[in-house]
Amino acid sequence: QEDIFKKLVAHCKEYGYVFQSSEIYDGLGAVYDYGQYGVELKNNIKKYWWDSMVLLHENVVGLDSAIFMHPTIWKASGHVDAFNDPLIDNKDSKKRYRADVLIEEQLAKFEAKMDKEVAKAKKRFGDSFDEKQFRETNPRVLANQKKYDELHARFAKALNDNNLEELKQIIIDQEIVCPVSGTRNWTDVRQFNLMFATEMGSTADGALKVYLRPETAQGIFVNYLNVQKTGRMKIPFGIAQIGKAFRNEIVARQFIFRMREFEQMEMQFFVRPGTELDWFEKWKETRINWHRALGFGDENYRFHEHEKLAHYANAAVDVEYKFPFGFKEVEGIHSRTDFDLSQHEKYSGKKIRYFDPELNESYVPFVVETSIGVDRMFLQVISASYCEEQLEKDSRVVLKIPPVLAPVKLAVLPLVKKDGLPEKAREIIDDLKFDFNCQYDEKDSIGKRYRRQDAIGTPFCVTVDHQTTQDNTVTIRYRDTMEQERVAISEIGKIIGEQVSY
Ligand code: ATP
């Protein structure tokens, strides 16, 4: 699985999806650039999210707030004091780790051991295999489950008590070694704030210390009144935003999974106090269905309850996807209570209330948030789509990206570079390019061109041959099945349209 991951990282680079930032200067840690296909996929993911949240919900509207905000916002939100990661150093390798991530990886090892037993048994017993019963009775699974449960309980308690010594003790007791030095020579655990700070204005005037926002949500909270009043919004309603966020992440591994500059798609849903947990359930359902609709297999998603609730939340769950390196968070759904709005009332001195005509009273609304990383979703799409297929004579690498998200929808390929075929191919593109991202390619043999489009993830290829000039038909080839059929040029738009619409 790790092997596959390395290959797909290499694939992303080779085919213009993702490049290391500042590569000619040897790169900048955990910062990435998106290439010609990457930017298209990213835009498609954003549109797929935006349309489902804003267009399909009458009571959800959009916003684009600035990255720079008044510094007191981050005091009010708790980020200045509490947006920390617990760090630990290995004295031999001088490498720095997140203590909580080291322990999570240990938990994942117990899970992996259990999964391995299950997979072995499945192979042995075939169809008659009852996984649930096996997990409840097999001694090796049970032993690992016990270790998992004990560690999980101890870890959750340490996090909730903010007990840094206990986190260190867990790492020692579990005999966790540094992946680089292989030793257990650890320092104490200490807190590290994740916000990037910079200065606004010249120092002579007295510069203002400002932060690069670590989440887009606060821009929504501080605009709550503006949007509610100008949009004449009635509770319950939501505000959605897509934008960059910045975190000085220390564990910056796994490619674009954890970056220092990334993008979030967040929606804050404002509700009447006391109804937030119902809305939390509704949004959980809506969001998991959004993920599942892409067809990557329901079994690859799960909900994960938080070990520790953030200071602002009374319920929280992650949507996890099974990446090649295990189940990991893609999206968080949080019931944030009235914490943020109340804090902004306190710090700004402005009333942030809603007058509820049905109750005939004013209150600070409660908030349910859905928050998903664009880049993590991108990695999920690539992970789920990357396939190596053995064919009769050779093999191919294909990105089976759902057509709605695919960067290029259609490649138009003239069989030869003469006899009017290139002109005919360009005519087809001119007709369709307002609706779909089309690509023209005449270089190399047709087989090679198909492989190139497979590797990019183009769901449809159309080949223009001599017959085309006579009867206006082409061969259309489908990426996933590699099947080909003869269709009229006038049909192409409809065939693609059916696959890419939602
Ligand atoms: P993690 O536990 O992985 O650090 P988090 O719980 O801090 O994530 P949230 O603050 O809930 O994450 O952010 C919401 C979403 O933003 C996450 O589900 C993830 O998709 C995305 N995200 C958060 N941090 C990063 C990052 N450093 N790089 C890329 N995406 C991120």
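A compact table of results
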{"item": "Unique match (being in contact with a helix residue (DSSP H, G or I) (Cβ under 9 Å, 6 or more places away or on another chain), of a type outside the set (Phe, Trp, Tyr) and over 20 Å from residue 499 (Cβ atoms)) among 435, 431, 444", "result": "444"}
{"item": "Candidates 269, 255, 246, 327 - the one that is in contact with a Lys or Arg (Cβ under 7 Å, 6 or more places away or on another chain) and more than 20 Å from residue 107 (Cα to Cα)", "result": "246"}
{"item": "Residue in segment 105-123 that is at pLDDT below 95, among the β-branched types (Val, Ile, Thr) and within 30 Å of residue 197 (Cβ to Cβ) present", "result": "no"}
{"item": "Condition met for residue 166 (outside the structural domain of residue 347 (by TED's automatic domain parsing), more than 31 Å from the chain's Cα centre (by Cα) and modelled with pLDDT of 95 or more)", "result": "yes"}
{"item": "Top-ranked residue in segment 297-310 [being in a loop (DSSP other than H, G, I, E, B) and within 13 Å of the ligand (Cβ to nearest atom); ranked as nearest to residue 149 (Cα to Cα)]", "result": "307"}
{"item": "Within segment 126-175, considering residues that are of a type in the set (Asp, Glu) and part of a helix (DSSP H, G or I), the one farthest from residue 115 (Cα to Cα)", "result": "165"}
{"item": "Unique match (being in a strand (DSSP E or B) and under 27 Å from the mean Cα position of the chain (by Cα)) among 85, 89, 100", "result": "85"}
{"item": "Single match in 346, 328 (criterion: in contact (Cβ under 8 Å) with a residue 60 or more places away in the chain, within 12 Å of the ligand (Cβ to nearest atom) and charged (D, E, K, R))", "result": "328"}
{"item": "Scope segment 443-499; condition in contact with a Cys (Cβ under 8 Å, 6 or more places away or on another chain) and part of a helix (DSSP H, G or I); matching residues", "result": "449, 450, 453"}
{"item": "Residues (modelled with pLDDT of 90 or more and more than 9 Å from the ligand (Cβ to nearest atom)) located in segment 314-325", "result": "314, 315, 317, 320, 321, 322, 323, 324"}
{"item": "Subset of segment 240-253 (residues that are over 21 Å from residue 42 (Cα atoms) and either hydrophobic (A, V, I, L, M, F, W, C) or without any contact (Cβ under 8 Å) to a residue 40 or more places away in the chain (or both))", "result": "250, 251"}
{"item": "Residue match in segment 208-224 (condition: surrounded by fewer than 18 Cβ atoms within 10 Å (Cβ to Cβ) and within 29 Å of residue 28 (Cβ to Cβ))", "result": "yes"}
{"item": "Cβ-Cβ under 8 Å pairs, at least 6 apart or on other chains, segment 260-286 side touching a residue at least 24 places away in the same chain (Cβ under 8 Å) and among the small types (Gly, Ala, Ser), far side in a helix (DSSP H, G or I) and within 16 Å of the ligand (Cβ to nearest atom)", "result": "none"}
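For every residue, the table says whether it meets (1) of a type outside the set (Lys, Arg); (2) modelled with pLDDT of 95 or more.
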| position | (1), (2) |
| --- | --- |
| 215 | yes, yes |
| 219 | yes, yes |
| 225 | yes, yes |
| 238 | yes, yes |
| 244 | no, yes |
| 250 | yes, no |
| 266 | yes, yes |
| 284 | no, yes |
| 295 | yes, yes |
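The values are calculated or read from the model by the stated rules, or taken from the named source; none is laboratory data. Note that the structure is predicted; figures quoted are calculated from it, not measured. Cβ: placed from backbone, ideal geometry, glycine included. Neighbour counts: every protein chain shown.
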